Amino acid sequence: MKIIMLGAPGAGKGTQAKMIAEKCGIPHISTGDIFRANIKQGTELGRKAKEFMDKGLLVPDELTCDLVVDRIQKDDCANGFILDGFPRTIRQGEVLEEALTGLGQKVDCALDIVVPDESIIERMAGRRACVGCGATYHIVFAPTKTEGICDKCGEKLILRDDDKPETVQRRLAVYHEQTQPLEDFYAARGVLKEVDGTQTMDKVFGDILGILGV
Ligand code: AP5
Ligand code: MG
């Protein structure tokens with residue numbers, strides 16, 4: 001199954017994608033996570049991506065598309081994959097479609113997690129990410145057992161650089177302008193499925209499993 005996650009920043013794409021990946025036994029591919037790993041390792045790609053990410057802007061398509069097209073052709077994607085945070089522009093949607101068509105494949109489901117902007121701001125301010133394993137928590141909605149310490153690996157938790165309120169506003173504006181048009185793109189292909197992302201994480205997951213039929 002080839003699944004893509006649509007939805008605003010902070011809608012819960014990463015939270016749900018990790019659970020779907022585990023349930024379906026397919027890899028979770030997050031372009032945001034790939035960029036953050038590159039920033040941490042101090043690579044050239046990381047250095048370039050950080051300039052855009054810290055401003056709440058999209059990393060240019062030429063730095064993003066090739067890496068995803070390469071990644072989805074790795075052996076572990078033979079039974080499918082879940083793309084989280086890609087595509088984010090119509091151009092990226094077209095590049096993905098061309099690449100998949102070349103492989104005789106297509107996107108089976110575009111899951112759109114719908115959350116209004118007001119709730120997004122609250123979620124981002126409370127999100128904490130692990131510097132070690134990348135696990136995501138929320139100080140109110142998904143707290144760790146010990147404050148500031150990752151339940152999974154024991155490393156410390158941080159507020160992401162791009163989760164500052166003014167940057168979140170910019171990311172939301174960019175989302176509405178550049179990413180939301182993908183809803184029509186995938187609706188036209190008959191694969192768009194909307195999920196109410198304002199429910200609890202478990203309810204959202206239940207709705208998604210119902211849609212996927214797994
Ligand atoms: P990326 O890392 O993809 O960030 P994003 O899309 O802005 O999404 P987030 O990761 O912020 O949110 P999410 O939807 O995953 O929510 P989460 O599950 O964490 O991208 C970062 C940057 O990289 C971009 O701004 C861009 O610069 C660049 N980039 C990445 N991909 C790119 C591309 N393709 N092209 C160009 N540039 C690209 O949940 C959020 C919080 O809410 C968490 O604390 C969570 O615990 C909590 N939460 C989740 N679900 C619920 C719920 N149901 N109820 C209550 N709380 C919840
Ligand atoms: Mg995410």
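Is it the case that the stretch 33-53 has a residue that's touching an Asp or Glu at 6+ places or on another chain (Cβ under 6 Å) and of a type in the set (Ser, Thr, Tyr)? Lay out the reasoning, then the answer.
Of the residues in the stretch 33-53, the ones touching an Asp or Glu at 6+ places or on another chain (Cβ under 6 Å) are 53.
Okay, now just the ones that are also of a type in the set (Ser, Thr, Tyr), so none.
No - not one qualifying residue is present in the stretch 33-53.
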Original post:
Based on what the data block shows, is residue 86 farther than 18 Å from residue 37 by Cβ and within 13 Å of ligand 1 (Cβ to nearest atom)?
Top reply: no
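Within the stretch 92-113, how many residues are surrounded by fewer than 15 Cβ atoms within 10 Å (Cβ to Cβ) and either within 11 Å of ligand 1 (Cβ to nearest atom) or under 26 Å from residue 205 (Cβ atoms) (or both)?
Narrowing the stretch 92-113 to residues surrounded by fewer than 15 Cβ atoms within 10 Å (Cβ to Cβ): 94, 98, 101-106, 108.
Of the ones still in play, those that are also either within 11 Å of ligand 1 (Cβ to nearest atom) or under 26 Å from residue 205 (Cβ atoms) (or both) are 105-106, 108.
Residues flagged as surrounded by fewer than 15 Cβ atoms within 10 Å (Cβ to Cβ) and either within 11 Å of ligand 1 (Cβ to nearest atom) or under 26 Å from residue 205 (Cβ atoms) (or both) within the stretch 92-113 amount to 3.
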**OP:** Mind listing whichever residues of the stretch 130-163 are near ligand 1 (Cβ under 8 Å from one of its atoms) and either of a type outside the set (A, V, I, L, M, F, W, C) or surrounded by 19 or more Cβ atoms within 10 Å (Cβ to Cβ) (or both)?
**Re:** 136, 137, 138, 160, 162, 163
Subject >> Whichever residue in the stretch 198-214 is out of contact with any Asp or Glu (no Cβ under 9 Å at 6 or more places or on another chain) and not in a helix (DSSP H, G or I) and, among such residues, is nearest to residue 8 (Cα to Cα) >> reply: 198
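Starting from residues that are among the polar types (S, T, N, Q) and more than 19 Å from residue 129 (Cβ to Cβ), keep the ones in the stretch 164-184 and report whichever is surrounded by the most Cβ atoms within 10 Å (Cβ to Cβ). It would help to see each step written out before you state the result.
In the first step, residues of the stretch 164-184 are kept if they are among the polar types (S, T, N, Q); the result is 167, 169, 178-180.
Pick out the ones that are also more than 19 Å from residue 129 (Cβ to Cβ) and you get 169, 178-180.
Numbers: 169: 15, 178: 16, 179: 22, 180: 14.
Checking each candidate, the answer is 179.
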Original post:
When both residues are 6+ apart or on different chains and their Cβ atoms are under 8 Å apart, which pairs have a first residue that lies in the stretch 202-214 and is closer than 12 Å to residue 23 by Cα and modelled with pLDDT of 95 or more, and a second that is exposed (fewer than 14 other Cβ atoms within 10 Å of the Cβ) and among the β-branched types (Val, Ile, Thr)?
Top reply: none
**OP:** For the stretch 27-38, enumerate the residues that are within 10 Å of ligand 1 (Cβ to nearest atom) and either touching a Lys or Arg at 6+ places or on another chain (Cβ under 7 Å) or not in a helix (DSSP H, G or I) (or both).
**Re:** 30
Original post:
For the stretch 5-26, what are the residues that are in a strand (DSSP E or B) and either closer than 16 Å to residue 163 by Cβ or within 6 Å of ligand 1 (Cβ to nearest atom) (or both)?
Top reply: 7
Original post:
Can you name the condition, by its number, that residue 191 falls short on among (1) β-branched (Val, Ile, Thr); (2) more than 20 Å from residue 14 (Cβ to Cβ); (3) within 16 Å of ligand 2 (Cβ to nearest atom)?
Top reply: (3)
**OP:** For the stretch 31-47, enumerate the residues that are within 21 Å of residue 182 (Cβ to Cβ) and surrounded by fewer than 21 Cβ atoms within 10 Å (Cβ to Cβ).
**Re:** 32, 33, 34
Subject >> Of all residues making up the stretch 185-212, the number that are aliphatic (A, V, I, L, M), surrounded by 16 or more Cβ atoms within 10 Å (Cβ to Cβ) and under 17 Å from residue 123 (Cα atoms) >> reply: 1
Original post:
Which one of these does residue 27 not meet: (1) closer than 20 Å to residue 97 by Cβ; (2) touching a residue at least 60 places away in the same chain (Cβ under 8 Å)?
Top reply: (2)
Original post:
Tell me, which helices (runs of 4 or more DSSP H) wholly within the stretch 44-163 include 2 or more residues that are within 16 Å of ligand 2 (Cβ to nearest atom) and under 20 Å from residue 10 (Cα atoms)?
Top reply: 44-53, 117-126
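The values are calculated or read from the model by the stated rules, or taken from the named source; none is laboratory data. Please read these numbers as outputs of a predicted model, since none were measured by experiment. Note that we place each Cβ from the backbone using ideal geometry, even for glycine, and neighbour counts take in every protein chain shown.
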